[in-house]
Structures are given as C-alpha cells and as structure tokens.
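Written out below as structure tokens is the structure these notes cover.
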Amino acid sequence: MQIRRLQLTDAPLYRAFRLRGLREHPDAFTSSFEEENLRPLAATERRLAAAGSEKLWGAFVNGELAGMVGLSHETRAKNRHKACLVGLYVASEFTGRGLGRALLDAVLKDARACGLEGLVLTVTDSNQAACALYTRAGFTAFGIEPDAIRVDGLSFGKQHMHLQLPPA
C-alpha cells in the first residue's frame, strides 16, 4: 500500500474513483453522483491544483487507487487554526486492510505539520464503521444533525466530530 498526495495528473483517475464512491454509497457523501457527474474533468483538475486550501490523498494498492481522503483548510482568519476532513472512501474490495486508518494517519500527520489545532468532520450517523474509525483515531462526537441529507426520499443524520490536535 502506498499513501500519497494526489497530483494534477491523477485527475482522471481521482474523478472516476470519486464518482464510483458517490454512486455506490450515496448516503455517505453530501455531494451527489448526479451533480458531480455533470462537472467536467477541468473542475477536478482545478480542485487538485488548488494550492493550500484543499489537499487530497490517495491510497494505492499495486498501483490501483483504492481509497481517498481530503483535508479542506479554513481560509478565514478566525478559523485558520482548524480544517475539515472530507470524502474518506475506501473501495469495497479493499476494506478491512487498514487503508482507511492509513489515509487518516496521513491527514493527521499533515495537519500537525501545518500547525493546525483542530479537525472537524461530519459522518452519516448510520455508518458505524466510519464512526468507529474516527473514534479510534481520537475524534469525539459533539452533535447529530437530523435530516442532514436526503437520498431517494430517505433521510440521514450527520454526526459532527472534532479532534483537538496538540500545538506544534
């Protein structure tokens, strides 16, 4: 397994992988497959090229993209001490191999190196595996937003979680 930052040249691969996640697990993401599928590859390229505000990592197994995660930095002065973990996804054929934790560890290492003091995230409250992963990593829940997203007429709540990082 190799964990690395995604680069501009990864755009086609990342876009296809992300669309797969959105299609296969629509309740796990706030973005929808239908909306994201309409965006051109250039939008993905812009996202990967964005300097500083968002970073994306991939987990590769034998050269195949098997997982992804993002870290979205706050840009406003009052919020720059924290960032938001987004879009953690591991393809079903690669689950149970520690890829999710490895991706999370890469984000935590980067967050500490950047001097961040806190990370926040939201996770669908029925996604027990993801909630357990975040809890094992030290995140604590601080609230549930009921009816946060709707997929095919079904309502899903989002659990809000926070991790306090020690000052560098």
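Of all residues in the range 36-79, those satisfying the criterion of being under 17 Å from PHE17 (Cβ atoms) and outside any strand (DSSP E or B) are GLU36, ASN37, ARG39, PRO40, LEU41, ALA43, THR44, GLU45, ARG47, LEU48, ASN62, GLY63. Filtering the range 1-19 to residues that are part of a helix (DSSP H, G or I) and either among the β-branched types (Val, Ile, Thr) or farther than 23 Å from GLY96 by Cα (or both) leaves LEU8, THR9, ASP10, ALA11, PRO12, ARG15.
For the range 90-113, does any single residue satisfy the condition of being in a helix (DSSP H, G or I) and among the hydroxyl-bearing types (Ser, Thr, Tyr)? Yes: one or more hits.
Of all residues assigned to the range 77-91, at least one qualifies as being touching a residue at least 60 places away in the same chain (Cβ under 8 Å) and farther than 26 Å from PRO166 by Cβ.
Which numbered condition in (1) more than 15 Å from LEU85 (Cα to Cα); (2) surrounded by 14 or more Cβ atoms within 10 Å (Cβ to Cβ); (3) modelled with pLDDT of 95 or more is the only one that ALA16 fails? Going through (1) more than 15 Å from LEU85 (Cα to Cα); (2) surrounded by 14 or more Cβ atoms within 10 Å (Cβ to Cβ); (3) modelled with pLDDT of 95 or more one by one, ALA16 breaks only (2). Pairing residues of the range 101-113 that are closer than 12 Å to GLY67 by Cβ with residues that are surrounded by fewer than 15 Cβ atoms within 10 Å (Cβ to Cβ), at Cβ distances under 7 Å and at least 6 apart in sequence or on separate chains, gives ALA102/MET1.
Scanning the range 121-159 for residues that are touching a residue at least 40 places away in the same chain (Cβ under 8 Å), surrounded by fewer than 17 Cβ atoms within 10 Å (Cβ to Cβ) and either among the β-branched types (Val, Ile, Thr) or closer than 24 Å to LYS55 by Cα (or both) gives a single hit, VAL151.
Restricting VAL61, VAL90, VAL86, VAL69 to those that are surrounded by 11 or more Cβ atoms within 10 Å (Cβ to Cβ), closer than 30 Å to ALA132 by Cβ and more than 15 Å from the chain's Cα centre (by Cα) reduces the list to VAL61.
Under the condition of being closer than 24 Å to MET1 by Cα, of a type in the set (Gly, Ala, Ser) and in contact with a strand residue (DSSP E or B) (Cβ under 8 Å, 6 or more places away or on another chain), the residues counted in the range 105-136 number 3.
GLU36 falls short on exactly one of the conditions (1) farther than 26 Å from ASP147 by Cβ; (2) more than 11 Å from the chain's Cα centre (by Cα); (3) of a type in the set (Asp, Glu), and that condition is (1).
The values are calculated or read from the model by the stated rules, or taken from the named source; none is laboratory data. Everything quoted here is computed from the prediction, not taken from an experiment. Counting neighbours? That spans all protein chains shown, and the Cβs are built from the backbone with ideal geometry, glycine included.
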